[in-house]
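Notes follow the structure.
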Amino acid sequence: MHAHAVERLQLETDLRRAIDRQEFQVRYQPIVVLATGAIVGFEALVRWHHPQRGLVAPTEFIAVAEETGLIVPLGHWVLQEACQQVANWQVRFPFCQPLTISVNISGRQFSQTDLMTQVSQILQTTQLAPGSLKLEITETVLMENSEPAIAMLLALKTLNIQLYMDDFGTGYSSLSYLHRFPIDVLKIDRSFITTIDTNSKNSAIVQTIITLAHNLGMQVIAEGVETAVQHTQLNQMGCEYGQGYLFSKPVSAAVITTLLTQQYHC
Ligand code: C2E
Ligand code: CA
Ligand code: CA
Ligand code: CA
């Protein structure tokens, strides 16, 4: 118990210094059109290169960052970095369809009253078109406090950015509420996709989510697509987009630049 508390305190101290010491990096995971395999954009996923521990997974530090409020400056940094990177790619690869970037917004960030100001300032400084930015907010964060959440989403929509509901299916979604959220895209959680090809009940659930989303005017991204069978099945179910190790793991900006260069021969 004591050792755990000490370790946690150390993590917190290190986390406080990590932004200034430039220990964070953003990785980019492609999101593809299931029907064609074409890359339409990327999800930004943060990585922490700790000087002693090496690479620390977000699952280990995001919760601590959230509890301590450090997620606010960290989330701001990720948003700035990812928008700048995609703006650069758009300039360098102008002939491909404008690439998009999805950024995770934590519960703390989402309840910050100046989130709107931060987002619009970043769009201005990076010169990224609002249509290229997508914000991912988890189903749980949205459902926990649905009235203020709806108000915040509506405010963000006025900036002309798109909004994604992340990890759909893991929270306690009230289906009667779903249509009230001005959400453009549902991301079906990986836990449903993993067994879609082996568990017929699960695949029935996924089909129902896709149909429901479409009937509410939303598109769908399947998370954690790992096999060709899952890919085919999701495509047949009418799911528009996919993301997962089958297409690519999250990789550094340099790797994406090489990939785009090869794809567009420049
Ligand atoms: P998430 O938003 O659900 O992100 C998707 C996670 O699934 C990522 O884990 C990604 O690497 C992983 N993933 C993608 N495809 C596959 C696959 O085919 N198989 C498997 N096994 N995993 C796959 P990652 O990067 O470790 O991030 C974990 C979580 O940490 C994220 O889940 C998100 O909740 C949080 N996170 C990461 N970066 C940020 C950030 O910048 N801000 C905030 N607030 N949260 C972040
Ligand atoms: Ca996400
Ligand atoms: Ca997710
Ligand atoms: Ca997830």
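We did not get these values from a lab; they are worked out from the coordinates using the rules stated. Remember, predicted model here, so these are calculated numbers, not experimental data. A quick note on method: Cβ atoms are made from the backbone with ideal geometry, for glycine too, and the neighbour counts reach across all protein chains shown.
Place a +1 charge on the Cβ of each Lys and Arg in the chain and a -1 charge on the Cβ of each Asp and Glu, then give the dipole magnitude about the Cα centre in debye, rounded to the nearest 20. Let's see the in-between values first.
Details: 16 positive and 23 negative charges, 93 e Å.
Dipole of the chain, to the nearest 20 debye: 440 debye.
For the chain, which longest stretch is free of loop sites, where a loop site is one of the trypsin sites (Lys or Arg not before Pro) that DSSP puts outside H, G, I, E and B and that has at most 12 other Cβ atoms within 10 Å?
Excluding the exposed sites themselves, the longest stretch runs over 54-266.
For the range 111-168, what is the charge dipole size about the Cα centre, in debye to the nearest 20, if Lys and Arg each add +1 at the Cβ and Asp and Glu each add -1 at the Cβ?
On the way: 2 positive and 7 negative charges, 68 e Å.
For this selection, approximately 320 debye.
Go ahead and collect, in residue order, the members of the range 43-85 whose backbone nitrogen is under 11 Å from a label point 7 Å along the Cα-Cβ direction of residue 5.
Output list for this probe position: empty.
Just to be sure I understand the model, the point goes 7 Å from the Cα along the line to the Cβ. What's the resulting residue 120 to residue 147 distance in nm?
My value for the distance between the label points is 2.5 nm.
Given 10 °C and 1.306 mPa s, compute D for the range 154-266 with the Stokes-Einstein relation, Rh being the Kirkwood radius over Cα pairs; round to the nearest whole µm²/s.
D, rounded to a whole number, is 103 µm²/s.
Counting other Cβ atoms within 10 Å, which chymotrypsin sites (Phe, Trp or Tyr not before Pro) in the range 140-226 have at most 12 and lie in a DSSP loop?
Passing both the DSSP loop test and the Cβ count: 172.
Which of the listed residues, 195, 45, 256, is farthest toward the dipole's positive end in the chain, when Lys, Arg count +1 and Asp, Glu count -1 at the beta-carbon?
Checking the options against the dipole of the chain, the answer is 256.
DSSP loop chymotrypsin sites (Phe, Trp or Tyr not before Pro) in the range 37-117 with at most 12 other Cβ atoms within 10 Å of their Cβ, which ones?
Passing both the DSSP loop test and the Cβ count: 95.
For the range 1-138, with only Lys/Arg (+1) and Asp/Glu (-1) charged at the beta-carbon, what is the dipole magnitude about the Cα centre, in debye rounded to 20?
Charge dipole, the range 1-138, about its Cα centre: 300 debye, nearest 20.
Work out the charge dipole of the chain with +1 on the Cβ of Lys and Arg and -1 on the Cβ of Asp and Glu about the Cα centre, then indicate which of 132, 91, 57 is farthest towards its positive end.
Of the listed residues, the answer is 91.
If you wrap a convex hull around the Cα atoms of the range 73-177, how much volume per residue is inside, in Å³?
Spread over its residues, the Cα hull of the range 73-177 gives 104 Å³ apiece.
Find, among the chymotrypsin sites (Phe, Trp or Tyr not before Pro) in the range 236-266, those assigned to loop by DSSP (not H, G, I, E, B) with at most 14 other beta-carbon atoms within 10 angstrom.
Taking the range 236-266 and a limit of 14 other Cβ atoms within 10 Å, the loop chymotrypsin sites (Phe, Trp or Tyr not before Pro) found are 245.
Over the chain, what is the percentage of antiparallel beta bridges among all DSSP beta bridges, to the nearest 5?
40
When N is the residue count of the range 9-135, what does its C-alpha Rg come to as a fraction of 2.2 N^0.38 Å? Mind showing how you got there, number by number?
Numbers: Rg = 15.5 Å, N = 127, 2.2 N^0.38 = 13.9 Å.
With N residues counted in the range 9-135, Rg over 2.2 N^0.38 Å equals 1.12.
What value, in deg cm²/dmol to 500, does the helix sum -39500 (n - 2.57) over DSSP H runs of n ≥ 4 give at 222 nm once divided by the residues of the chain?
-14500 deg cm²/dmol
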